[in-house]
Amino acid sequence: MSDTLNYEGRVAIVTGSGGGLGRAHALLLASRGAKVVVNDLGGDMQGRGTSGSSSPADKVVAEIKAAGGEAVANYDNVLDGDKIVQTALDTYGKIDILINNAGILRDTSFHKMTEDDWDQVYNVHVKGAFKVTHAAWPHLREQQYGRLVFTASSSGVYGNFGQANYAMAKLGLFGLAQTLAQEGGKYNIKCNTIAPFAGSRMTETILEEKMVKALNPGFVSPLVGYLCHEDCPANGNLFELGGGWYSQVRWERSEGVTLPLTHGISLEQVVDNWGKITDFSSNTEHPIVALAGFQKVEPNLATLPD
Ligand code: NAI
């Protein structure tokens, strides 16, 4: 198949793209014609320190330029999201694509987790993504076009030992993205979320060498690239991927049971109906809007005593 998808005329911001997944996304978008703001403040995996002018962002910009692409470095913290967006506007006059990718880890069991561990992880992942997206949003609305990707994690979707702070932040991003998918839809702004697996400095210490190779971040970027493309129909979806495996994840709700409200509802009625409440063997649904739950209650209003 020929390389038909391109991003000619599009401007992209990729946060935390001085290495790992962000770098791979930036290289792919730039190789297909996007002008890319390569944001990275440097620093270690725990979000401590910065690396100044010889920053990872500079290296990725140099790589992109050496391959004939266009890119500019930005060294701001995602918490200063307006400055990152300003770099796109000052350099390229607009923004079309935003990949919220910057991230840090402060792994420890919940028992040992400090409030600082919690706050730092929340700040970089959730507040940082909020700040960059919030600064970009008016421009995307005004031009009636935008493609956003948020980087969650299977740790957020399923939970993971030692990552209470990270899991909280990652599932928070999914909630944010799903809401923006609904608010942005009529402006042709599409927001999707990925839960990737990749061999990067975040994971190379815990994975075997061969696995790290198979989990090359470059295998995640093609799906991310498609989510950033104008032809992609997806909006408000979650994708789990890595090492050449690509999948979509969705919620599933049991049919459940509706108990009459006539005489109130006892604890024992819940116990008696536990099997039905937790039965996924048939008539399950995959809800995509929050208000769907109310539709279940409406027919039950008739059982309310006057
Ligand atoms: P990485 O550590 O190589 O990349 C993260 C980048 O974000 C670093 O270059 C770092 O300097 C930058 N960064 C950190 N704080 C920043 C801030 N406040 N402002 C600007 N830049 C900042 O790690 P990796 O694996 O490439 O992670 C990328 C994203 O993917 C992260 O959000 C991570 O949580 C997520 N992720 C990664 C997985 C993996 O298997 N590698 C699994 C699930 C999610």
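Note on the chain: with charges restricted to the Cβ of Lys and Arg (+1) and Asp and Glu (-1), its dipole about the Cα centre is near 580 debye.
Ordering G256, G184, V85 by the projection of their Cα atoms onto the charge dipole of the chain, which places +1 on the Cβ of Lys and Arg and -1 on the Cβ of Asp and Glu, puts V85 at the extreme positive end. About its Cα centre, segment 1-96 has a charge dipole of approximately 120 debye under the convention of +1 per Lys or Arg Cβ and -1 per Asp or Glu Cβ, with nothing else charged. Measuring r between the beta carbons of D272 and H111 and using R0 = 45 Å, the FRET efficiency lands at 0.75.
Label zone (V257, point 7 Å along Cα-to-C-beta; backbone nitrogen cut-off 14 Å) within segment 264-306: 265-280. Rg/Rh, computed from the Cα trace of the chain with Rh as the Kirkwood radius, has the value 1.04. Note on N216 and E230: the extension gain reaches 2.5 nm, defined as 0.36 nm multiplied by sequence separation minus the Cα-Cα distance. Two numbers describe the Cα atoms of segment 196-305: Rg and Dmax, which are 22.0, 66 Å.
Given a cut-off of 25 Å, name the pairs among K59/K213; K83/K190; K112/K210 whose C-alpha atoms lie farther apart than that in the structure shown. Long pairs (Cα-Cα over 25 Å): K112/K210. Values of log10 I(q)/I(0) for segment 207-272 across q = 0.17, 0.22, 0.26 Å⁻¹ run -0.73, -1.01, -1.13, by the Debye formula with one identical scatterer at each alpha carbon and no solvent. Spacing of the modelled spin labels on E183 and Q86, each 7 Å from Cα toward Cβ, amounts to 2.3 nm.
Computed with a 1.4 Å probe over protein heavy atoms only, the accessible area of L41 comes to about 60 Å².
Counted without the sites themselves, the longest stretch of the chain free of GluC sites (Glu not before Pro) in a DSSP loop having at most 11 other beta carbon atoms within 10 Å is 9-207.
Residues Y246, Y158, sorted by accessible area with the largest first, give Y158, Y246 [1.4 Å probe; ligands and nucleic acids excluded]. Annotation: segment 54-196 has a Kirkwood hydrodynamic radius of 16.1 angstrom, from the mean reciprocal C-alpha pair distance. Measuring with a 1.4 angstrom probe and ignoring ligands and nucleic acids, F280 comes out at about 110 Å² accessible. Bridgeable lysines around K276 (alpha carbons under 28 Å apart, same-chain partners fewer than 8 residues away excluded): K296. Amide hydrogen proximity for V37: with H placed 1.01 Å from N in the peptide plane, the residues at 5 or more positions away or on another chain lying under 5 Å are A12, I13, V14, V72.
For D279, the residues whose modelled amide H falls within less than 5 Å of its own, excluding neighbours fewer than 5 places apart on the same chain, are G256. Listed by chain and number, the aspartates and glutamates placed with their C-alpha closer than 15 angstrom to that of K186 are E142, E230; residues fewer than eight positions away on the same chain are left out.
The values are calculated or read from the model by the stated rules, or taken from the named source; none is laboratory data. What you see is a predicted model, and the numbers here were worked out from it, not measured in a lab. As a convention, Cβ positions derive from the backbone with ideal geometry for all residues, glycine included, and neighbour counts pool all protein chains shown. The protein model used for the area step is the full one, side chains on, heavy atoms only, and it has no ligands, DNA or RNA in it. Shrake-Rupley method; radii C 1.70, N 1.55, O 1.52, S 1.80 Å.
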